[in-house]
């Protein structure tokens, strides 16, 4: 498996070269911009001559043979840096697999899975029965789909994030199977994979990887959904200190009824350094065979009906202390890690479904005619298709940019990016599936056709793995926190303007100059194909405006920004748009540079997306600037408050007399 | 510039790059210094594992040089040798072709590629004897011949074969190391030949890959004309490769049916177009008919007035790269009303219009001609038959009657430009060149 050990990025691997490369920018400008990518390559090669270097024609990649230090340790989180107004230009060089052969190899893995899903899996029957047949599960296991990210030594496929994302595109074609697989390996066994000891891995992973055992992730409880810290399930240590006894109930557990191995989170009592007793969350591996594990009957759901979701109860279940994941009391971090690392693949899954749906719907639009005109010739229909394509394109670009970033570092920090991908793709899926139904008209609403199933399945995406609202807060608060640390000094000075006259001037400029969206000096257009200059400039302006808005909010609200959720939502929306723009521009630039098929089409998609995003960002920035009194936030809250006071809709009936 | 300086310039890196020095005796600049070049035979021996060879004599006398050139084998000799051994040794074939494809077209390509590469490899092997010591006398002549033969051997679009040919240039020796060498077109014949090779690749739309570039870099240095050219090719050709909206597979199939399908796909404009293949047996003649018709065309045939004739016209030509296909169309006379300009003065009626919601059949909306309704006729179907005879076209109409029962009531006129005589040789360079007529 040489292939996956070869590095993905060119310059990202060669961080030591970056500073030198930046010095070369002035040289590059002298070159016709179309040749710049060539130029990059030669620069890289020259300086790296000691290593085994292969030049990429596009100037995108440099291969280096495997050595432990090959991957850089960790990245500077891109989106968090955006909050500081700093833009890592490397992100505009869309990463790619290290060689064309690797892409072919990936397609070889994907082809049988695709065939299986299109020929063997009967999604309609699964949806009606509310159950995935045993036979299908067995065959999924044979294809290795239960252990995609498990290392080879434990019998898995050892796919990296990119390949996993590619396969997720295919497995997503059946929502129920996709969720079952995700419940099994994206969260169920992830705990063992990322924090388990070697003995635990040796004991559990081989059977989990083949699908002989199923895994489930037990966090949610009746009293705690998004708020993981408030769980009630309790594990008490026996007196001999060898066994924990687990008591409590979990609800809505994916695979809860069919799983043999559970990753359970429970409160345990630990004594901290000061000798005080505290309740902290610990993660356990629980086998069904330990006893005392009961699961309720499968829930009847709106979508993903084939997946098994039920309650799981633990009644004095004994767990040996060896089965603690990580350390006692360290469960919260593990839970967050698992959830954060599982999200990135939702972008590619969504894109996978949407590409299929767009195909079906396009066939319909080509064939059906109304008023002696084909549907495809109506502009209103065309617009819908364009919107779907643009969304899908952005979704796909973001997902793969994130996946490839994850692959290029040993301990990548892309949790915010992954959350953004999840938000964007879940909402995109819902919108586009809904548009598809609209194009199909009555046909889409009928159960005879698969379209309504896709719509139902898509609804869950916005709810599970962290609701989009929570993730929006997560995105903006993580970024704000990052920026806040750095802005502390600035804020201190800003609070005392008389002693810091320079700052006062700047603040005045901010106040009166309407500087919120001006073109800065990032010079992003130098990094992309010249035909994308306008888009790069739009991105640059937006980044600058965003930074100023963040600074303004932090100065205005300080720590209390946590309570300004409507402003935070706007911030996260802008951040998502910025990330999506970056991904789209980078991807299109690469496509044009290497002349991919239909790259003109990609350019149009990016143009439209960037125009839309630019307008959205503009609107959001203006609203942030206006503040809660003027942008309607206060009124919004007022309305809601009145409703709660009246326990419901509060306006009097229109026919009522006074 | 004094002689000493010139000498120093030219002899820089002597100690590190011995092979270059040896090879220099063959080049036009360095025969001047040939007398100085023989003091380090030991190292040379180590490099090429040569023993018991009197290098001094070999490189300094013109006599041996002539002998070497005489000993040069031509490409044909090697190719024939491979062909013969290939034909006689069935075992070898089996051994070599364990991974042969089942697809006959691909299989053919694989065998041709292997033969060519094997012939070139054989030459390289033969000429890398201790006596030749990396000189590879006569390789330019060999390359010239091989390049010329590529098209007729059917490997002109195969990158592996070009790579094999590049490997004929001896590595390392021709990389310019000094200023003078850089400046004065080092090893001109070799560079020219390499450029010719690249040009031939370009003409045949073969896009050089990474390996091609590496091979050439190892032979001509990273900054020479050759590598610069290959870099440009890699950059631009890859950009252009997807600009053709009717992209064909890199190797065109040999099967006439597959070719016909490709051609029909290329010329069908209707998105709903369906291509059907009828296998017809007539007497002792068996042939296929590939027919393209869309539901819209079927609909128009259904509504065609019974008395009005239809025409089968052809054969027209469509080109698939360098292969030609003859196709025929089923045509009806066009409805001239569709193309009449509205006589009413529209200017008086700018603010009063009828929409589709007002009446069952809005009179304002004139039907627009669809894509099949052209001013010179309405196209109702297209086909490519295997032998392009009139009989086969009659069978085509008969086949079409299954989907279009109305056809049996319509008189059909065959206005063919005698397809038998017009029949075009699909293969062979000569015919094709004669047949290319610029479209007017």
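Observations on the structure shown:
- Subset of segment A:597-620 (residues that are surrounded by 17 or more Cβ atoms within 10 Å (Cβ to Cβ) and within 14 Å of chain B (Cβ to nearest Cβ)): A:599, A:602, A:603
- Matching residues, segment A:284-304, being at negative phi and crowded, with 24+ Cβ neighbours inside 10 Å: A:284, A:286
- Scope segment A:513-529; condition in a helix (DSSP H, G or I) and either modelled with pLDDT of 60 or more or on the phi > 0 side of the Ramachandran plot (or both); matching residues: A:524, A:525, A:526, A:527
- Residue within segment A:580-595 that is free of Cβ contacts under 8 Å to residues at least 24 places away in the same chain and surrounded by fewer than 21 Cβ atoms within 10 Å (Cβ to Cβ) present: yes
- Spans of helices (runs of 4 or more DSSP H) in segment B:104-187 with at least 3 residues touching a helix residue (DSSP H, G or I) at 6+ places or on another chain (Cβ under 9 Å) and surrounded by 15 or more Cβ atoms within 10 Å (Cβ to Cβ): B:104-127, B:139-149, B:159-166
- For residue B:268, the criteria (1) surrounded by 14 or more Cβ atoms within 10 Å (Cβ to Cβ); (2) at the interface with chain A (Cβ under 10 Å from one of its Cβ atoms); (3) out of contact with any helix residue (DSSP H, G or I) (no Cβ under 7 Å at 6 or more places or on another chain) hold in every case but one, which is (2).
- Filtered residues of segment B:287-315 (kept if at pLDDT below 90 and under 30 Å from residue B:154 (Cα atoms)): B:315
- Condition check for residue B:230 on (1) within 14 Å of another protein chain (Cβ to nearest Cβ); (2) in a loop (DSSP other than H, G, I, E, B): one failure, at (2).
- Any chance residue B:215 is away from chain A (no Cβ under 14 Å), more than 30 Å from residue B:316 (Cα to Cα) and either in contact with a helix residue (DSSP H, G or I) (Cβ under 8 Å, 6 or more places away or on another chain) or at pLDDT 90 or above (or both): no
- Qualifying residue in segment A:101-119 (condition: away from chain B (no Cβ under 14 Å), part of a loop (DSSP other than H, G, I, E, B), surrounded by 15 or more Cβ atoms within 10 Å (Cβ to Cβ) and at pLDDT 90 or above): no
- Put simply, of A:425, A:415 the only residue that is within 19 Å of residue A:464 (Cβ to Cβ), in contact (Cβ under 8 Å) with a residue 60 or more places away in the chain and buried (at least 24 other Cβ atoms within 10 Å of the Cβ) is A:425.
- Assessment of segment B:195-205 against the conditions (within 14 Å of another protein chain (Cβ to nearest Cβ), touching a residue at least 40 places away in the same chain (Cβ under 8 Å) and farther than 30 Å from residue B:291 by Cα) yields at least one matching residue.
- The residue list A:376, A:384, A:355 contains one member that is within 14 Å of chain B (Cβ to nearest Cβ) and touching a helix residue (DSSP H, G or I) at 6+ places or on another chain (Cβ under 7 Å), which is A:376.
- Residue check, residue A:307 crowded, with 24+ Cβ neighbours inside 10 Å and in the same structural domain as residue A:450 (by TED's automatic domain parsing): no
- Residues within segment A:570-613 that are in contact with a helix residue (DSSP H, G or I) (Cβ under 6 Å, 6 or more places away or on another chain) and not in a helix (DSSP H, G or I), tallied: 1
- The one condition from (1) under 30 Å from residue A:452 (Cβ atoms); (2) free of Cβ contacts under 8 Å to residues at least 60 places away in the same chain that residue A:168 does not meet is (2).
- Of the residues examined, residue A:616 is one that is modelled with pLDDT of 95 or more and in a helix (DSSP H, G or I).
- Residue in segment B:236-259 that is surrounded by the most Cβ atoms within 10 Å (Cβ to Cβ), counting only those that are more than 14 Å from every other protein chain (Cβ to nearest Cβ) and assigned to a helix (DSSP H, G or I): B:259
- For residue A:365, the criteria (1) touching a residue at least 24 places away in the same chain (Cβ under 8 Å); (2) away from chain B (no Cβ under 14 Å) hold in every case but one, which is (2).
- Residue in segment A:330-340 that is buried (at least 16 other Cβ atoms within 10 Å of the Cβ), over 23 Å from the mean Cα position of the chain (by Cα) and either away from every other protein chain (no Cβ under 14 Å) or assigned to a strand (DSSP E or B) (or both) present: yes
- Within this structure, residue A:290 passes the test of being in the same structural domain as residue A:184 (by TED's automatic domain parsing), over 33 Å from the mean Cα position of the chain (by Cα) and at pLDDT 90 or above.
- Flag if residue A:370 is out of contact with any helix residue (DSSP H, G or I) (no Cβ under 7 Å at 6 or more places or on another chain) and either within 14 Å of chain B (Cβ to nearest Cβ) or closer than 23 Å to residue A:162 by Cβ (or both): yes
- Odd one out for residue A:400 among (1) buried (at least 21 other Cβ atoms within 10 Å of the Cβ); (2) under 22 Å from residue A:335 (Cα atoms): (2)
- Evaluation of residue A:240 against the conditions (1) in contact (Cβ under 8 Å) with a residue 24 or more places away in the chain; (2) not in a helix (DSSP H, G or I) shows that the sole unmet condition is (1).
- Scan of segment B:273-293 for residues that are surrounded by 14 or more Cβ atoms within 10 Å (Cβ to Cβ) and either within 14 Å of chain A (Cβ to nearest Cβ) or outside any strand (DSSP E or B) (or both), ordered by number: B:273, B:274
The values are calculated or read from the model by the stated rules, or taken from the named source; none is laboratory data. None of the values given here were measured: they were computed from a predicted structure. Cβ sites come from the backbone with ideal geometry, for glycine too, and all protein chains shown count toward neighbours.
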